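The values are calculated or read from the model by the stated rules, or taken from the named source; none is laboratory data. None of these values were measured; they are calculated from a predicted model. A quick note on method: Cβ atoms are made from the backbone with ideal geometry, for glycine too, and the neighbour counts reach across all protein chains shown.
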Amino acid sequence: MVQVLFFAQLREQLKTDQLQLDLATPCTLGDVQTKLLELNPHWENIMQGRTLLAAINQDMVSSDAIVNNNDEVAFFPPVTGG
């Protein structure tokens with residue numbers, strides 16, 4: 001089981017802040033995103049075509065990072081400031 005968290009504007013657009021995925025692990029972060037879109041195809045416009053940041057167990061990672069059972073995966077939009 002993988003805990004998936006959504007933050008900031010992404011959380012508001014998806015109308016959820018977290019969910020759990022039952023995945024065959026180890027897998028990649030890209031596999032997690034693919035599974036999320038398989039289960040929630042209406043999220044495609046929100047999750048694809050955007051630059052999303054991701055973390056596994058609170059460490060920033062790229063889409064080829066390995067996700068293991070009991071990991072926490074977080075997705076959030078890029079941070080901007082000024």
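Under 6 Å by Cβ, and 6 or more places apart or on different chains, what pairs join a residue from segment 1-13 that is in contact (Cβ under 8 Å) with a residue 12 or more places away in the chain and farther than 14 Å from GLN33 by Cβ with one that is part of a strand (DSSP E or B) and of a type outside the set (Asp, Glu)?
Short answer, once both residue conditions are applied: MET1/GLN20; GLN3/GLN20; PHE7/PHE76; ALA8/PHE76.
Suppose the filter is over 13 Å from the mean Cα position of the chain (by Cα) and at pLDDT 95 or above; does ASN70 pass it?
The answer is yes for ASN70.
From GLN48, GLN3, GLN58, which residue is in contact with a helix residue (DSSP H, G or I) (Cβ under 9 Å, 6 or more places away or on another chain) and among the polar types (S, T, N, Q)?
Working: GLN3 fails: in contact with a helix residue (DSSP H, G or I) (Cβ under 9 Å, 6 or more places away or on another chain); GLN58 fails: in contact with a helix residue (DSSP H, G or I) (Cβ under 9 Å, 6 or more places away or on another chain).
Among GLN48, GLN3, GLN58, only GLN48 is in contact with a helix residue (DSSP H, G or I) (Cβ under 9 Å, 6 or more places away or on another chain) and among the polar types (S, T, N, Q).
Give the residue that is nearest to GLU12 (Cα to Cα), with candidates limited to residues of segment 36-67 that are at pLDDT below 90 and among the β-branched types (Val, Ile, Thr).
ILE46
Which of the residues spanning segment 1-38 are touching a strand residue (DSSP E or B) at 6+ places or on another chain (Cβ under 8 Å) and either β-branched (Val, Ile, Thr) or over 16 Å from GLU72 (Cα atoms) (or both)?
Hits for segment 1-38 are VAL2, VAL4, ALA8, LEU10, LEU14, THR16, THR25, THR28, VAL32.
Restricting attention to strands (runs of 3 or more DSSP E) lying wholly within segment 34-81, give those where 1 or more residues are crowded, with 17+ Cβ neighbours inside 10 Å and in contact with a Phe, Trp or Tyr (Cβ under 6 Å, 6 or more places away or on another chain).
Qualifying strands (runs of 3 or more DSSP E): 53-56, 72-76.
From ASN57, ASN45, grab the single residue that is without any contact (Cβ under 8 Å) to a residue 60 or more places away in the chain and touching an Asp or Glu at 6+ places or on another chain (Cβ under 6 Å).
On the way: ASN45 fails: touching an Asp or Glu at 6+ places or on another chain (Cβ under 6 Å).
Exactly one residue qualifies, and that residue is ASN57.
Looking at segment 23-33, which of its residues are free of Cβ contacts under 8 Å to residues at least 40 places away in the same chain and assigned to a loop (DSSP other than H, G, I, E, B)?
Result: ALA24, single match.
Can you name every residue in segment 8-33 that is under 12 Å from the mean Cα position of the chain (by Cα) and surrounded by 15 or more Cβ atoms within 10 Å (Cβ to Cβ)?
LEU10, ARG11, LEU14, LEU21, THR28, LEU29, ASP31, VAL32, GLN33
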